[in-house]
Amino acid sequence: MDLNLRQAVKNNIAGHNEEQLEATIAEAIQSGEEKMLPGLGVLFEMYWQQASEDEKETMLSTLETEVGKL
């Protein structure tokens, strides 16, 4: 069986509005379940591919700050 995780995640969220997407993200983070991480990764990838250079710089700066706290 050929499982395309990216496509499965995209199929699961297709047609979701902003409120539904926020609920999906919040639930994934709050649950703390490892199985939710790939879905968050796909959402991040979708964002990153459409982000402007300024948005990417902001994200990278935020991530650098948070990684520095580890």
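No value in this document is a laboratory result; all are computed from the given coordinates. Since this is a predicted model, take the numbers as computed values, not measurements. Using ideal geometry, Cβ is built from the backbone for each residue, glycine included, and neighbour counts are taken over all protein chains shown.
Principal-axis analysis of the Cα atoms of the chain puts helix 18-31 at an angle of about 80° to the longest axis.
Considering only Cα atoms, the convex hull volume of region 3-45 works out to 64 Å³ per residue. Using just its DSSP H runs of length 4 or more, each adding -39500 (n - 2.57), the chain gives a mean residue ellipticity at 222 nm of -24000 deg cm²/dmol after division by all residues. Loop-located trypsin sites (Lys or Arg not before Pro) across region 23-70 with a Cβ neighbour count of 14 or fewer within 10 Å are Lys69, with loop assigned by DSSP.
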